[in-house]
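**Q** So that we are looking at the same thing, I have put the structure below in structure tokens.
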Amino acid sequence: MTREKIFISHPYSDNPALRVKQADILCKKLVGEEDIFPLSPLHAFSFCESDDGIREDVMESCYRLIEASDKVYFYRYPEFPFLSEGQQEELNYAYHYTATHYRDPNYFISIKRPPLECLELS
């Protein structure tokens, strides 16, 4: 059985150490409880101390992951209630992608609350 591939859009730059821990918990939960295969750019690029000089490459990689996904989940936190700049770019791309590839944005794009385990770390 093939798991549903979900692109995980998660804040990062406001608190990198915390956000990596939260995304790790979130992705493990999705794999274990919801039978999802998360595509997490935060995990793919968290080794970078900053995106200086590579931001365009990182965002381009995010866009390719969005295209490879069955759905896109955007996560927000009470202490950071708005989508980050990178998340906003991903959201704009996801809407553009759905419009040009005849996908239903209401199915493809979801704004999610993180699980309690992630909120407890805040």
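Read the figures in this text as sums done on the coordinates, not as results from a lab. From a predicted model like this one, the values you see are computed outputs, not experimental measurements. Neighbour counts run over all protein chains shown; Cβ positions are idealised from the backbone, glycine included.
**Q** Work out from phi, with θ = phi - 60° and the Karplus expression 6.51 cos²θ - 1.76 cosθ + 1.60, the ³J(HN,Hα) of each residue of the range 110-117, listed in order in whole Hz, and give x for Gly and Pro.
**A** 9, 9, 10, 8, x, x, 3, 4
**Q** Moving on to the next point. For I109, list long-range residues whose amide hydrogen, built 1.01 Å from N in the peptide plane, is under 5 Å from its own amide hydrogen.
**A** Correct list: V72.
**Q** A further question follows. What ³J(HN,Hα) values, in whole Hz, does the Karplus curve 6.51 cos²θ - 1.76 cosθ + 1.60 give for the range 70-84 when θ = phi - 60°, with x put for Gly and Pro?
**A** 7, 8, 10, 10, 10, 9, 10, 10, x, 7, 9, x, 9, 5, 5
**Q** Counting other Cβ atoms within 10 Å, which chymotrypsin sites (Phe, Trp or Tyr not before Pro) in the range 61-122 have at most 11 and lie in a DSSP loop?
**A** Qualifying residues, ordered by number: F82, Y102.
**Q** What is the chain's relative contact order, in percent, from Cα pairs under 8 angstrom and six or more apart in sequence? Let's see the in-between values first.
**A** Working: 149 pairs, mean separation 41.9, N = 122.
Normalised by residue count, the contact order of the chain is 34 percent.
**Q** Work out which helices of the chain, taken as complete DSSP H runs, extend at least 24 Å along their axis over the Cα atoms and score a mean Kyte-Doolittle of -0.5 or more, then list them.
**A** What comes out of the filter, once short or polar helices are dropped, is 16-33.
**Q** Please arrange H43, H101 by how many other C-beta atoms lie within 10 Å of their C-beta, fewest to most.
**A** Neighbour counts put them in this order, fewest first: H101, H43.
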